[in-house]
Amino acid sequence: MNKDKIITFESYYDPMLAHIIRTRLEANGISCFIADENMIAANPIYNQAVGGVKLKIFERDLERCREILASEGDLHEQDHHEIDNETNTYVVCPYCASTNVSNITRDKDKGQWPVLSAIMNLANPFQTQINWHCNNCQREFE
């Protein structure tokens, strides 16, 4: 009876990554489900407070899940997140609740003219806004 206990296998800040892992486990015959996704979808700010999206499995499948994912490699490298310097919290896409975002302003500065861009930002600091690009849904937001 104790082996039928449902446990949290892993937590993910990127819901898409959680679904990728879920489908890999299910393809190998493991019964599992995602928890807390609806709460994060309703308000992406909750992602950090809730501790991310949780992948739930039966305790009896724990070792088998580890074996399956060990053969796949570490996918947590894809569980990327950025920190907003103003609020000191994770930046979360308001459209899909993903934390797999990139800072557009910083990425633009990596182009041909980073020094010129920095001087222009000093000359007119109100022109530059921190904009973000979601790598999952491909939308941009502030």
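The values are calculated or read from the model by the stated rules, or taken from the named source; none is laboratory data. The model shown is predicted, which means the values in this text are computed figures rather than measured ones. Ideal geometry is used to build each Cβ from the backbone, glycine not excepted, and the neighbour counts take in all protein chains shown. For the accessible areas, the whole protein counts, side chains as well, though only heavy atoms, and no ligand, DNA or RNA atoms are used. Shrake-Rupley method; radii C 1.70, N 1.55, O 1.52, S 1.80 Å.
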- Would you please name the residue that is modelled with the highest pLDDT, looking only at residues in the range 1-15 that are open to solvent by less than 60 Å² (accessible area, probe 1.4 Å) and acidic (D, E)? E10
- Taking into account only those residues within the range 77-89 that are surrounded by fewer than 18 Cβ atoms within 10 Å (Cβ to Cβ) and assigned to a loop (DSSP other than H, G, I, E, B), which is modelled with the lowest pLDDT? H80
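Give the range 21-55 a look and list any residue that's among the small types (G, A, S) and modelled with pLDDT under 90, or say none. Lay out the reasoning, then the answer.
Of the range 21-55, the ones among the small types (G, A, S) are 27, 29, 31, 35, 41-42, 49, 51-52.
Those that are among the small types (G, A, S) and modelled with pLDDT under 90: A41, A42, A49, G51, G52.
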- Query: Looking at A18, is it aliphatic (A, V, I, L, M), surrounded by fewer than 15 Cβ atoms within 10 Å (Cβ to Cβ), in a helix (DSSP H, G or I) and at pLDDT below 95?
  - Reply: no
- Note on the structure: When (1) of a type outside the set (G, A, S); (2) open to solvent by less than 80 Å² (accessible area, probe 1.4 Å); (3) at pLDDT 85 or above are applied to R60, the one that fails is (2)
- Across the range 90-104, which residue is surrounded by the fewest Cβ atoms within 10 Å (Cβ to Cβ) among those that are at pLDDT below 75 and at negative phi? Y95
